[in-house]
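*Asks:* I'd like to ask some things about the structure below.
Nothing in this text is a laboratory measurement; each read-out follows from the coordinates by a stated rule. Note that the coordinates shown come from a computational prediction; the quantities given were computed from them, not determined experimentally. For neighbour counting, all protein chains shown are included, and Cβ atoms are generated from backbone atoms with ideal geometry for every residue, glycine included.
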Amino acid sequence: MGDEAETKPELPAEILRCPACNGAAFRDVVLKRCNHTFCRSCLDLRLSNRQRKCPACDEQFAKSDMQTFMLQ
């Protein structure tokens, strides 16, 4: 219909930053057990160090509980 570009609301960057590494990376993985989000590198590091608990709530997680997501 119109040639106007569709505008989408923007999220503040601090909402998207990983809380485990203090914002060095964007959250791109959700832990399916507790629904907390972190960057993949933080969760991969926890898996490799056998610290398999959510940094936010201490819920146990496995690699199979990690799901990548993307905002559009």
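*Asks:* Can you pull out every residue in the stretch 13-41 that is assigned to a helix (DSSP H, G or I) and not acidic (D, E)?
*Replies:* Passing the criteria: A13, I15, L16, R40, S41.
*Asks:* Could you grab me the full set of residues in the stretch 34-72 that are within 18 Å of C21 (Cα to Cα), among the basic types (K, R) and in contact with a helix residue (DSSP H, G or I) (Cβ under 9 Å, 6 or more places away or on another chain)?
*Replies:* R52, K53 - these are the residues of the stretch 34-72 that are within 18 Å of C21 (Cα to Cα), among the basic types (K, R) and in contact with a helix residue (DSSP H, G or I) (Cβ under 9 Å, 6 or more places away or on another chain).
*Asks:* What pairs come out if I take residues in the stretch 23-35 that are free of Cβ contacts under 8 Å to residues at least 40 places away in the same chain and pair them with residues that are part of a loop (DSSP other than H, G, I, E, B) and of a type in the set (A, V, I, L, M) whose C-beta lies under 7 Å away, six or more apart or interchain?
*Replies:* none
*Asks:* Then there's this: Among the residues of the stretch 21-72, write down those that are polar (S, T, N, Q), closer than 27 Å to T7 by Cα and surrounded by 11 or more Cβ atoms within 10 Å (Cβ to Cβ).
*Replies:* T37, the sole residue that qualifies.
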